[in-house]
Amino acid sequence: MDQTLQFVIPALMGVESTVAYELKKLGLAGVIAENGRVLCQGGLADIPRINLNLRTGARLLLCLGSFQAKTFEELFQGCAALPWEDFIPREGRFPVKGYTISSQLHSVPACQSILKKALCKRLGSVYGLEELPETGALYQVQFSVLKDQAALMLDTSGDSLYKRGYRAQNMGAPLRETLAAALVSLSRYKGRDPFCDPFCGSGTIPIEAALIAKNRAPGLNRTFAAQKWRWLPSKLWMDAAEEAMDREFHGAYDIWGGDIDPAAVALSRHNAELAGVEDAVRFQVADAARFHREDPKGRVVTNPPYGERLLEKKEAEKLYRAFGKAVRTLPGGWQVNVLSSHTEFERTFGKIADKKRKLYNGMIKCDLFMYGI
């Protein structure tokens with residue numbers, strides 16, 4: 001199986017260009033950023049490489065085919081025509097899930113049922129079985145029907161790529177690791193300047209900053225669905241891991257996280273140990289309203305409570321006001337990036353952002369307010 005493979009990487013709205021940049025850095029061809037996903041091409045060896053190294057994408061899907069499907073018959077025949085036996089073995093488990101948008105086929109359960117029947121027909125015919133055992137490794141089938149164009153894919157990742165394996169529990173409302181990495185990347189942090197998060201919570205943003213500073217692959221401490229696929233040689237996973245470790249940097253970094261809650265700071269330190277970056281990041285009990293640094297330049301990237309889930313709105317506004325006063329005491333070389341869903345953030349913070357970027361934290365629509373102090 002040495003042909004060019006088509007990949008689809010779902011992404012949070014607003015970070016597609018960051019995912020595309022990562023894929024280009026990994027040497028992938030045909031990188032195209034679309035709303036909510038990024039497309040690219042590669043070979044077998046790129047399945048482990050992308051899964052291990054991608055910081056901001058949600059998962060890696062292998063696209064087996066796409067075709068027009070305005071009717072259930074077209075969906076069935078299009079699915080049954082694909083060479084599923086090249087990928088799913090006799091005993092493989094192949095559940096089906098997906099979505100439809102702006103299409104004549106709008107019932108997701110009906111599409112799931114039709115696709116499952118088509119898969120069973122194709123694989124049953126090839127393997128000479130009326131009923132497939134589905135007792136082996138997982139081959140999660142994903143589908144999308146977008147404007148009557150169906151795409152059928154296999155999920156190579158298993159658990160979403162934001163599950164790095166270092167965060168056993170969260171403090172309040174969690175920030176996904178993929179979004180935290182995107183926030184760090186958007187600040188253009190490379191590991192040279194001081195990096196601070198005065199509302200660190202469970203430590204996700206500073207930990208992702210440390211992984212970026214060290215150039216450590218975020219997927220080294222976890223497993224992936226495609227590791228159990230027989231047609232994907234295990235040597236490719238070992239080669240990809242070895243390549244990733246060879247590219248790591250070893251230096252001294254000034255990465256700091258503060259939180260007013262001692263339990264959050266203790267959890268952050270624990271998570272940093274699990275991520276293997278405890279030597280690169282330090283956490284302290286600290287009040288963000290009194291945040292200050294004397295360094296001539298640096299970066300603040302933070303995700304304060306929004307007032308929707310963790311604090312009452314008035315309390316959040318009071319916090320933003322005090323934090324705004326604090327960061328305005330920083331030397332002129334500092335950049336401050338704040339993620340918030342609060343519609344009056346700039347007013348309460350006390351300064352209009354130099355630049356804003358729309359992002360989503362889960363289902364919450366946010367802005368990344370970017371300041372050059």
**Q.** Hydrodynamic radius (Kirkwood) for the chain, which is based on Cα pairs only, to one decimal in Å
**A.** 22.2 Å
Q: Could you look at the chain and say what percent of its accessible area is carbon and sulfur, using a 1.4 Å probe and all protein chains?
A: 51 percent
Q: State which entries of LYS25/LYS235; LYS190/LYS356; LYS97/LYS214; LYS147/LYS228; LYS147/LYS351 exceed 31 angstrom in Cα-Cα distance in the structure shown.
A: LYS97/LYS214; LYS147/LYS228; LYS147/LYS351
Q | Partners for LYS318 among aspartates and glutamates (Cα-Cα distance below 17 Å; same-chain residues under 8 apart left out) | A | ASP259, ASP287, GLU308, GLU344, GLU346
Q: Compute the whole-percent fraction of alpha carbon pairs in region 191-331 spaced more than 18 Å apart.
A: 62 percent
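So, for the chain, what is the accessible surface per residue at a probe of 1.4 Å, expressed in square angstrom?
45 Å²
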Q: Quick one: give the max-minus-min coordinate of the C-alpha atoms of region 102-241 along each principal axis, largest first, in Å.
A: 62, 41, 26
Q.
I'd like to know which of LEU60, LEU39, MET13 lies farthest towards the positive end of the charge dipole of the chain, counting +1 on Cβ of Lys and Arg and -1 on Cβ of Asp and Glu.
A. MET13
Q. Can you give the extra length, in nm with one decimal, that the chain gains between LYS25 and LEU274 once fully stretched, where that is 0.36 nm per residue apart less the Cα-Cα distance?
A. 87.0 nm
Q. In region 220-280, what GluC sites (Glu not before Pro) fall in a loop by DSSP, with at most 14 other Cβ atoms inside 10 Å?
A. GLU248
**Q.** Alpha-carbon centroid distance for the pair region 48-85 / region 117-176, whole angstrom
**A.** 10 Å
Q. How much accessible area does ILE207 have with a 1.4 Å probe, in Å² rounded to the nearest 10?
A. 0 Å²
Q. So, with +1 on the Cβ of K and R and -1 on the Cβ of D and E, and no other charges, what is the size of the charge dipole of region 106-181 about its Cα centre, to the nearest 20 debye?
A. 200 debye
Q) Which three extents, in whole angstrom, do the alpha-carbon atoms of region 37-168 cover along their principal axes, largest first? A) 43, 36, 31
Q: With everything on Cα atoms, drop me the angle between helix 313-327 and the longest principal axis of the chain, reported from 0 to 90° to the nearest 10.
A: 60 degrees
Q. Accessible surface of ARG247 in the full protein assembly, 1.4 angstrom probe, to the nearest 10 Å²?
A. 90 Å²
Q. Using unit Cβ charges (K, R positive; D, E negative) and no other charged atoms, how large, in debye to the nearest 20, is the dipole of the chain about its Cα centre?
A. 820 debye
Q. Using just the C-alpha positions of region 121-161 as equal point scatterers, what log10 of I(q)/I(0) does the Debye formula give at each q in 0.15, 0.30, 0.31 1/Å?
A. -0.56, -1.00, -1.02
Q) Given a 1.4 Å probe and the protein chains all in place, what does the accessible area of GLU346 round to, in Å² to the nearest 10? A) 30 Å²
Q) Which loop trypsin sites (Lys or Arg not before Pro) in region 327-373, with loop taken from DSSP, have no more than 16 other Cβ atoms within 10 angstrom of their Cβ? A) ARG328, LYS351
Q) Which of the aspartates and glutamates could a cross-linker bridge to LYS24, judged by Cα under 16 Å and excluding same-chain residues fewer than eight apart? A) GLU16, GLU34, ASP46
Q) From the phi of every residue in region 242-249, what ³J(HN,Hα) in whole Hz does the Karplus formula 6.51 cos²θ - 1.76 cosθ + 1.60 yield, where θ is phi - 60° and glycine or proline is x? A) 5, 4, 4, 5, 5, 8, 5, 9
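The values are calculated or read from the model by the stated rules, or taken from the named source; none is laboratory data. Just so it is clear, the model here is predicted, and its values are computed rather than measured. As a convention, Cβ positions derive from the backbone with ideal geometry for all residues, glycine included, and neighbour counts pool all protein chains shown. Ligands, DNA and RNA are stripped out before the accessible areas are found, and what is left, the full protein with its side chains, is counted by its heavy atoms. Shrake-Rupley method; radii C 1.70, N 1.55, O 1.52, S 1.80 Å.
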